[in-house]
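First comes the structure, then the notes that go with it.
The values are calculated or read from the model by the stated rules, or taken from the named source; none is laboratory data. Keep in mind the model is a prediction, meaning the values are calculated, not measured. Heads up, the Cβs are rebuilt from the backbone with ideal geometry, glycines too, and the neighbour counts pull from every protein chain shown. Areas reflect the complete protein model, heavy atoms only, side chains present, ligands, DNA and RNA absent. Shrake-Rupley method; radii C 1.70, N 1.55, O 1.52, S 1.80 Å.
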Amino acid sequence: MLARLKEDISCVFARDPAAQSAFEVVTTYPGFHAVLIHRCSHWLWLRGFRWAGRYVSFLGRWLTGIEIHPGAQIGRRFFIDHGMGVVIGETAVIGDDCTLYHGVTLGGTSWNKGKRHPTLGNGVVIGAGAKVLGPIEIGDGARVGSNSVVVKSVPVGVTVVGIPAHIVDAKAKQEKARRDAMAQKIGFDAYGATSDMPDPIANAINLMLDHIHQLDKQIADMQQVLHDAGIDCHRQTIPALDDCEIKDKQ
Ligand SMILES: CC(C)(COP(=O)(O)OP(=O)(O)OC[C@H]1O[C@@H](n2cnc3c(N)ncnc32)[C@H](O)[C@@H]1OP(=O)(O)O)[C@@H](O)C(=O)NCCC(=O)NCCS
């Protein structure tokens, strides 16, 4: 019990650079108070003291501005920063080492009984004001951008942002940069078309750009093999595309 309490205090230092001392955390961090109160209300809830659990949880909300249903299952080293306005529903499940900021809702989308709130894996971070709704799963290590609305499960380790939340795809970003470089090389301007504004002509040209990129690469590879084999194939250097070189090295 004491060890769990120590963990709850020390995890604050790891995640809030403003934290000065354990005394400060214990006396002035509403997120810490809310977790402590929840451990008590959950204990009562599990032993069938439902009203008492609800009442302790109500007192916690009154004192901290954080509403955690006593039925919610919360793992170790859970940290709520700032806290005001956080709502965690009855059937929510939270893994170890998760962090929530103020204004986060782990809510339901249905009035039916049964599992209706989210399940968070380990090490999940949910930014200020984000709403995570329904019996969905947020994978280990996932991060939810502030003010996002998440209504679908989120895979392990990704970042999601926006309304409705979508995955921030680092690979797609690299791919787009490569295409843009190729488009610039051949003088094509897609008038700012992006993947979320599908334009059939821009799409067709993007596919051709990918194809040209592959052909460039294959021809360069073949020339290299012939050159290494001592065959002179009158190599002509294809104008360098910096981004291709970076990609090829990866
Ligand atoms: C999303 C978050 C977790 C960062 O994740 P990350 O994987 O490092 O992502 P990045 O910062 O590289 O951002 C990736 C993209 O998402 C965008 N993005 C980040 N947060 C966003 C948000 N809340 N809403 C919309 N877009 C967002 C970025 O602009 C960037 O877009 P780009 O690829 O077009 O440039 C972080 O921005 C966040 O919101 N953390 C919560 C912090 C918080 O609530 N603090 C409160 C302290 S009081």
> With no solvent and one point on each alpha carbon, what is the Debye value of log10 I(q)/I(0) for the stretch 1-102 at q = 0.11 Å⁻¹?
Replying inline: -0.29
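Of the accessible area of the stretch 2-167, with the probe set at 1.4 angstrom, what percent is carbon plus sulfur?
Taking all protein chains in place, the stretch 2-167 shows 61 percent carbon and sulfur surface.
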>> From the helices alone, meaning DSSP H stretches of at least four residues, give me the mean residue ellipticity at 222 nm for the chain, per-run term -39500 (n - 2.57), in deg cm²/dmol to the nearest 500.
In response: -14000 deg cm²/dmol
> At a Förster distance of 22 Å, what's the computed FRET efficiency of E137 paired with V26, Cβ-Cβ distance as r, to 0.05?
Replying inline: 0.10
>> Can you pull out the chymotrypsin sites (Phe, Trp or Tyr not before Pro) in the stretch 68-170 whose DSSP state is coil and whose Cβ has at most 12 other Cβ atoms within 10 Å?
In response: W111
> Once you charge only the Cβ atoms, +1 for Lys and Arg and -1 for Asp and Glu, what is the size of the charge dipole of the chain about its Cα centre, to the nearest 20 debye?
Replying inline: 1500 debye
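So if R0 is 30 Å, what FRET efficiency would D169 and E90 give, r being the distance between their Cβ atoms, rounded to the nearest 0.05? All intermediate terms of the calculation are to be shown ahead of the outcome.
Values: r = 34 Å, r/R0 = 1.13.
E between D169 and E90, to the nearest 0.05, is 0.35.
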> Roughly what would the spin-label model give for D232 and A177, points 7 Å off Cα along C-beta, in nm?
Replying inline: 4.0 nm
>> With angles folded into 0 to 90 degrees, how steeply does helix 200-228 sit against the dominant principal axis of the chain? Use alpha carbons for both and round to 10.
In response: 60 degrees
> Once both labels are modelled 7 Å past Cα along the beta-carbon direction, what's the A52-V151 spacing in nm?
Replying inline: 4.1 nm
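Where Rh is the Kirkwood radius over the Cα pairs of the chain, the temperature 25 °C and the viscosity 0.890 mPa s, what D in µm²/s does Stokes-Einstein return?
Numbers: Rh = 21.6 Å.
For the chosen part, D equals 113 µm²/s.
Determine the relative contact order of the chain: mean sequence separation of Cα pairs under 8 Å and six or more apart, normalised by residue count, in whole percent. Don't jump to the answer; show the numbers that get you there.
Numbers: 453 pairs, mean separation 21.8, N = 250.
The value is 9 percent.
Cross-chain or 8 or more residues apart, Cα under 22 Å: how many lysine pairs in the stretch 2-167 fit that? Count them up, please.
Details: K113/K131; K113/K152; K115/K131; K115/K152; K131/K152.
Summing the qualifying lysine pairs gives 5.
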> Taking only Cα atoms, what is the 0 to 90° angle, nearest 10, from helix 2-15's long axis to the longest principal axis of the chain?
Replying inline: 40 degrees
